[in-house]
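What follows is a set of notes on a single structure, which appears directly below.
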Amino acid sequence: MPSFIGFVPTPTECIDGFFELTPISSSDIVYDLGSGDGRLLFAALEKGAKRVVGVELNPELVREARETAKGKGVEGRATFLEADVMDVNLAKATLILCYLFPTASEALRPKFESELKPGTRVVMETFDIPGWKPVRTTDRGSKSFYLYVLPAETTGDVGSQRHWDI
């Protein structure tokens, strides 16, 4: 899968927007698709997640996240993969975090539907998942966040008919 967004880090003041929609528990395995420097996953660990997995294409950002995990002493609970999200099995996730363009959300939707277990939560920043109805939404500054719980309720919209001016 091509890169669907360059490294656009979630501003520190917006990180809690992901976690306002769904609490983190000590049994959660949190994946961040397009994890960048790992900031969302480190926040998930601080909030009590059992394990975190970052998936990132940029090798320098993966290296940075691994070094940060080591520095924080959480390398045993944090894994950072240099990989394409389409090549990673997501079945172990209980919570998925994403900030990706709508084309990526649309491409990931069938993967989510086939790999994620019922009850798995997906939180999207800024862009929703075409054709899915969010369970909850929140705004934090200029950012919107969308929570979905699998199996997701569909809206009947055909995602490929949507156009985004970015």
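The values are calculated or read from the model by the stated rules, or taken from the named source; none is laboratory data. A quick note: this is a predicted structure, and the numbers were derived from the prediction, not measured. Here Cβ is always computed from backbone atoms with ideal geometry, including for glycine, and neighbour counts include all displayed protein chains.
Observations
- Considering residues of segment 94-121 that are more than 12 Å from Tyr148 (Cα to Cα) and acidic (Asp, Glu) only, the residue modelled with the lowest pLDDT: Glu106
- Checked against the criterion of being surrounded by 19 or more Cβ atoms within 10 Å (Cβ to Cβ), under 19 Å from Pro151 (Cα atoms) and of a type in the set (D, E, K, R), segment 44-52 contains not a single residue that satisfies it.
- Cβ pairs under 7 Å, 6+ apart, first in segment 7-26 and touching a residue at least 24 places away in the same chain (Cβ under 8 Å) and closer than 23 Å to Leu57 by Cα, second polar (S, T, N, Q) and part of a loop (DSSP other than H, G, I, E, B): Phe7/Asn58
- Total residues in segment 141-159 satisfying the condition of being at pLDDT 85 or above, within 19 Å of Thr103 (Cβ to Cβ) and not in a strand (DSSP E or B): the figure is 1.
- A search for C-beta distances below 6 Å between a residue of segment 79-108 that is closer than 22 Å to Thr68 by Cα and any residue that is of a type in the set (Asp, Glu) and not in a loop (DSSP other than H, G, I, E, B), counting only pairs 6+ apart in sequence or on different chains, returns Leu97/Asp32; Tyr99/Glu125.
- Out of Leu21, Leu40, Leu45, one residue alone is more than 14 Å from the chain's Cα centre (by Cα) and among the hydrophobic types (A, V, I, L, M, F, W, C). It is Leu45.
- Taken as a whole, the structure leaves Val53 outside the set of residues that are assigned to a loop (DSSP other than H, G, I, E, B) and of a type in the set (Val, Ile, Thr).
- Out of Lys143, Lys133, one residue alone is free of Cβ contacts under 8 Å to residues at least 24 places away in the same chain, touching an Asp or Glu at 6+ places or on another chain (Cβ under 7 Å) and among the basic types (Lys, Arg). It is Lys133.
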